[in-house]
Amino acid sequence: MKIGVIGDFNPVYLSQQATNDALDHSIYKTQAQVQYDWIPTVTIAEQLDVIKNNYQGFWIAPGIPESAAGVLQIIRYAREHNVPLLGTCGGFQHIILEYAKNKLMLEDADHEELNPDASNLVISKLACSLVGQTGEVFIKQPSLVSSLYQETAVIEQFRCSYGLNPNFEVPIDEAGLKIVGTDAEGRPRIVELAEHPFFIGTLFVPQLSSSNANPHCLVNAFIKQIIST
């Protein structure tokens with residue numbers, strides 16, 4: 001079994017290196033026969049069929065992709081074909097962007113960091129940057145995420161400055177991409193797709209909280225879902 005990590009790997013980028021570490025922690029913990037590869041985003045369009053055939057799950061990595069279009073192709077494929085998918089930080093943002101474009105049919109939906117002058121900014125700058133912040137996340141029940149954490153409130157690490165534009169919170173949630181984790185003010189921090197076996201996005205970076213002794217529960221569950229599919 002193979003996981004495709006969708007992103008343009010930079011070894012000096014802490015959140016990306018932590019992605020590798022978290023996968024290693026959870027693979028060891030679960031004793032799963034799973035490998036992972038980073039897939040550069042500019043290669044996706046030409047190799048999409050090969051990628052679909054070779055990978056049984058996808059992690060949409062933190063970072064600004066060279067090809068946002070390629071990232072959205074993978075997210076749409078995973079969403080429509082029940083392929084396990086986890087997206088963190090930038091991955092959370094692109095999960096929402098793909099859903100807005102292809103489920104809400106907002107073809108001009110855009111991301112403020114990538115296109116600040118766009119007219120329909122579904123992903124917008126947060127009122128307060130979360131880069132380097134640690135914060136409490138409140139988890140809604142019932143949800144898949146609540147069953148994985150077995151907690152109603154958790155502490156996680158953030159490295160993001162952009163999130164879901166408040167104007168789109170209700171349409172996104174009502175269309176099926178459920179907001180299942182928030183901060184104390186109710187701002188979205190976790191989304192999951194209803195009726196999908198594993199399709200979760202976190203604005204925080206769970207891999208930064210993972211260790212050999214305590215792999216992160218979301219990463220463990222992601223791997224378990226892949227090997228059971």
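For the stretch 4-30, the set of residues classified as outside any helix (DSSP H, G or I) and either closer than 19 Å to Asn220 by Cα or of a type in the set (S, T, N, Q) (or both) consists of Gly4, Val5, Ile6, Asn10, listed by residue number.
One line per residue, one yes/no per condition, for (1) in contact with a helix residue (DSSP H, G or I) (Cβ under 7 Å, 6 or more places away or on another chain); (2) aliphatic (A, V, I, L, M); (3) modelled with pLDDT under 95:
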{"site": "Asp117", "(1), (2), (3)": "no, no, yes"}
{"site": "Thr134", "(1), (2), (3)": "no, no, yes"}
{"site": "Val145", "(1), (2), (3)": "no, yes, no"}
{"site": "Val154", "(1), (2), (3)": "no, yes, no"}
{"site": "Arg159", "(1), (2), (3)": "yes, no, yes"}
{"site": "Val180", "(1), (2), (3)": "yes, yes, no"}
{"site": "Glu195", "(1), (2), (3)": "no, no, yes"}
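Among the residues of this structure, Ala184 counts as one that is among the hydrophobic types (A, V, I, L, M, F, W, C) and more than 18 Å from the chain's Cα centre (by Cα).
To keep it simple, each residue is scored yes or no on (1) in a loop (DSSP other than H, G, I, E, B); (2) surrounded by 19 or more Cβ atoms within 10 Å (Cβ to Cβ).
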{"site": "Phe92", "(1), (2)": "no, yes"}
{"site": "Leu97", "(1), (2)": "no, yes"}
{"site": "Ala100", "(1), (2)": "no, yes"}
{"site": "Leu104", "(1), (2)": "yes, no"}
{"site": "Glu113", "(1), (2)": "yes, no"}
{"site": "Asp117", "(1), (2)": "yes, no"}
{"site": "Ser147", "(1), (2)": "no, no"}
{"site": "Cys160", "(1), (2)": "yes, yes"}
{"site": "Phe168", "(1), (2)": "no, yes"}
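Contact map, the stretch 94-107: residues that are touching a residue at least 40 places away in the same chain (Cβ under 8 Å) paired with residues that are among the aromatic types (Phe, Trp, Tyr) and not in a helix (DSSP H, G or I), Cβ distance under 8 Å, separation 6+ or inter-chain. Pairs shown: Ile95/Phe199.
Pairs linking a residue in the stretch 204-222 that is closer than 15 Å to Phe92 by Cα and in contact (Cβ under 8 Å) with a residue 40 or more places away in the chain to a residue that is assigned to a helix (DSSP H, G or I) and among the small types (Gly, Ala, Ser), with Cβ atoms under 6 Å and 6 or more positions apart or on different chains, are Val205/Ser15; Gln207/Ala18; Gln207/Ala22; Val219/Ala22; Val219/Ser26. Here Val122, Val131 are screened, and the one residue that is β-branched (Val, Ile, Thr) and touching a Ser or Thr at 6+ places or on another chain (Cβ under 7 Å) is Val131.
Selection within the stretch 98-142: residues that are in contact with a Leu (Cβ under 7 Å, 6 or more places away or on another chain) and not charged (D, E, K, R). The member of this set that is farthest from Ala61 (Cα to Cα) is Asn120. Selection of the stretch 31-72 for residues being within 17 Å of the chain's Cα centre (by Cα) and either in a helix (DSSP H, G or I) or among the polar types (S, T, N, Q) (or both) yields Thr41, Gln56, Ser67, Ala68, Ala69, Gly70, Val71, Leu72.
The values are calculated or read from the model by the stated rules, or taken from the named source; none is laboratory data. All values derive from a computational prediction rather than experimental measurement. When we count neighbours, we look across all protein chains shown, and the Cβ atoms used for this are built from the backbone with ideal geometry, even at glycine.
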